[in-house]
Amino acid sequence: MAAIDTFELPQGWRVETLWPAVAQQSLAWLQTRELAARDAVLLLPFAALLAPARAALAACGGWQPRVETPLTLTASLGPPPVAEPGACQGDAVHDRMAAVALLRRQSWGAAWAQRDAVAFSRAAAMVADAAQTLRETVCARPPALRKALWAQARAALPSAAGPAATEAALLHVALEWAAASAPPATDRLFDLRPSAWIALQIGGPDAVAEALLDHAGTPSLRLQADRPADDPWGPVAVGVDIERLLCADFEAEAQAAAAAVVSALNAGRTPVALVALDRECVRRVRALLDRAAVPLVDETGWRLSTTRAAASVVALLRAALPEAGPDAWLEWLKTWPPMPPRTLDALEALWRRRRGRHDTVAAERLWDEAQIQLQPLTKAGPRSLTAWHDLLQGQLARDGSFERLAAEADGRQLLAVMGWQGEAPWRAAAAQVQADLPAFISWVETTLEIAPYLPLPAAAAPVVLTPLARAFGRPFAQLVVPGADDLHLGAVASPPTLITAPLAAELGLEDSATRRHRQRLALAHLLRAGPVTLLRRQRDADEPRADSPDVEWLLQVRARAGAPACGLRLWRAPTCERACAVSARPLPSAATALPTELSATQLESLRQCPYRFYARAVLRLDEPDELDAALAKRDYGNWLHAVLHRFHAERAAASGDGVDDATRLQAAADAVTLEMALDAGELLPFRASFEHFVPSYLRWLAPREGQGWHWQSGETDHRLANALLPGLQLRGRIDRLDHGPEGRRQLLDYKTGSAQALVAKVKQPLEETQLAFYAALLGGGEKLAAAYLALDDADAPSEIVHPDVHASAETLLQHLGSEWQRLQAGAPMPALGEGRVCETCEARGLCRRDHWGAP
Ligand code: SF4
């Protein structure tokens, strides 16, 4: 063991002085000790620090030491030795799988797995976590010391009897598994013989670097950039520029952070670090920055399970479950390559019992094909995880999903994690685990949950989203830190649940005080880069949030030193132009993307709010209904429409068959119930209203027919192309058209809503669009009248007549024509945010009505 020289970097170092000091001090020490600089190695804790260190050494000229992290240096030595199958490797997916196989081999394991599969799989996850931590801790020490360390660990194990006997038994298994694991790839570093090891300690000691310094038998220098635990801040706490923002809630905090980033960019302070203390919050900030077209590098890694690729694979598996329903099928069909969107719309309309013009024959044909695709998975009985894995792979290859996944960045990472590209290291262990389809789905979900996803960085991005432990020592011109509260900055992760305190102490496992010190050092070093914006919210749901204890300590240090106060400022709204864009009212235009057909409902939404129309008709974002929900009022409306149509159509066709109208109406109701495959039990309350409706309807019908009015047609589709509407056709389905005396006609629109609302509607004939729209479709004419027929009012049916539908239809065509030409010329489609329409609007989340900034 050689003596280690230590050099303390100046207490007040800043990022711009750190790297020149590291370079000069390393070279000076090598020269004093007469060691060859070109054969020395400078070790840094993480890869993002390599570039500034190398640049500073290059600026000094002459021979330079090699600059690496323990991991990059290990990687330069070639591929790591292949681990024994089933050994603990530090790979999350493999180790969980191997832990399941390991526990099943215990005398009590197989019975436990049979008895309680959920608890067993939780236990396997705990064993994997504990074994990885033990392996990582012991293997960071020099190889020569490990045998003794494992012996000490065994001596510190709790007794496998008493109340925590199960946990103790699991810990025994974890420890022996970890002790038998292959040596880590970094062990090869102990065979290297550089002229000197130099290690920069910044943000806490690096276990592997310390072991190399301690035991390599080579001259060593430790450059100390950290401060002691009782004063991590040092002089830098006083000189730094800190802004503290208090935000009302999660969304406000995300918007404030996005505004702070954009404000720094506008002021030319780049690069900007966005520090990920609160992963949820920074994901939202990231989305806001995406919307403001700010390029960003994400170094944090999301969970693979949050990607579209993962969602598509899980959707396929869930759709194959025997108990799956239309919601699960639709979720999968949206990702199934052979399914064209229009056919999917038709299928969805069919399942949701929506009225409209859809090619349901094609939809049903494709659904038959889709079911054939699902069958191999649905019908497969219990089998090994390897067999499931191969079955799923074959399924994805057959339907073209494999190709699609390989073409996307998240898909490629999914294929690698699932072992479909290259060899899966866990196959041997997986072959020993039996599972049915739900258990296989659960394994796939867990695998995707623990695997990270690193999005491709945007080229030359000025914003870096990075964890706190990788944010310091780097030349950032502005640091934005959302989540600087008592939950996200101050609390540290607990060690794996199986590891007891005596065992942790025996192995020198980092305790919570050490982890807190690391976090505090990272925050202190962060302040050495540039201005920092710390943000926190007032509350999370019902729970109030407070300042981080570390921030409070920092403020006390500043106050004692007489530094300017940096009080908490309440954040209200973005202050710069680009930031305002983050929460401004949307103002899209769709000159070239306007639909070529327009329905009455779409026209209504255009008049209420152009943005709502944009969402519905241009983006085609209809709100999905709950497919599995019980029969709703709307279903009753559709049913009643169909019953009346069938009644009148059959009545017109069967002249003088002797069936009375009440019987015919009831028979039509039964036939439609059967045809629409409605649950008679669920329809029961509606059938009770229908019993009351039948005589009322016939009482309304008889005098009407006495006056010469007769049902002519129903549920007819119409289209209108008009010179006033270039490039646009109106389309719609008319509930009913009656012919009357003297060649008169009347269109009737059945309604199951409130009759009073309809009365109010027709009192403003120029505002009413639906009847005018249908009248226009029918070609209008002065002999055409129009009325709503309210069907489930207390006095139903009640006829609410439009006073002058002919004039309204003409006005509608003229106004729509000029409005459409404006939109075709690129006129914006603003979100109006006015009136009661916003209260029930399905596009409210899209237009962000609740988050608009100052007007
Ligand atoms: S919520 Fe209001 S402003 Fe937003 S799209 Fe709907 S109607 Fe328009």
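The stretch 744-797 and the stretch 630-681 have Cα centres separated by 22 Å. In the full protein context, the stretch 382-439 carries 43 Å² of accessible surface per residue, based on a 1.4 Å probe and ignoring ligands, DNA and RNA. Each peptide among 211-217, 661-667 gets the average number of other Cβ atoms lying within 10 Å of its residues, and from highest to lowest they stand as 211-217, 661-667.
Rolling a 1.4 angstrom probe over the protein heavy atoms with all chains in place gives the stretch 503-556 an accessible area of 39 Å² per residue. Considering only beta bridges that DSSP places wholly inside the chain, some 35 percent are antiparallel. Here residue 751 is the anchor, and the aspartates and glutamates within straight C-alpha reach of less than 15 Å, apart from those fewer than 8 places off in the same chain, are 635, 715, 735, 768, 792, 793, 795, 799. Just so you know, the Rg over Rh for the stretch 687-796 is 1.00, from Cα atoms, with Rh as the Kirkwood radius. In this structure the stretch 170-248 gives 32 Å² per residue of accessible area when probed at 1.4 Å with all protein chains present.
Estimated at 0.36 nm per residue, the fully extended path between residue 39 and residue 739 surpasses their Cα-Cα distance by 241.9 nm. What relative contact order, as a whole-number percentage, does the chain give when Cα pairs under 8 Å and 6 or more residues apart are counted? Value for the chain: 14 percent.
Tilt of helix 165-179 relative to the longest C-alpha principal axis of the chain, in degrees (0 to 90, nearest 10)? Roughly 60 degrees between the two axes. Based on alpha carbons, the Rg and Dmax found for the chain are 35.6, 119 Å. Placing dummy labels 7 Å off each Cα toward the beta-carbon, the span from residue 55 to residue 814 is 6.9 nm.
Normalising the average separation of contacting C-alpha pairs (under 8 angstrom, six or more residues apart) by the number of residues puts the relative contact order of the stretch 154-281 at 14 percent. In terms of the Cα gyration tensor, with a ≥ b ≥ c the square roots of its eigenvalues, is the stretch 113-178 rounded because a/c is under 1.5, prolate because a/b exceeds b/c, or oblate? Cα axes put the stretch 113-178 in the oblate bin.
Between the stretch 362-431 and the stretch 126-195, the alpha-carbon centres lie 36 Å apart.
Apolar share of the accessible surface for the chain: 54 percent from carbon plus sulfur atoms, 1.4 Å probe. Label positions at residue 585 and residue 702, each projected 7 Å from the Cα along the C-beta direction, are separated by 5.6 nm.
Over the stretch 181-320, the fraction of Cα-Cα pairs per 5 Å bin, rounded to whole percents and listed from the shortest bin up, is 2, 7, 11, 11, 11, 11, 13, 12, 10, 8, 3, 1, 0.
The values are calculated or read from the model by the stated rules, or taken from the named source; none is laboratory data. Computed from a predicted structure; not experimentally measured. Cβ atoms come from the backbone with ideal geometry, glycine included; neighbour counts cover every protein chain shown. To get the accessible areas, we keep the full protein, side chains included, count just its heavy atoms, and leave off ligands, DNA and RNA. Shrake-Rupley method; radii C 1.70, N 1.55, O 1.52, S 1.80 Å.
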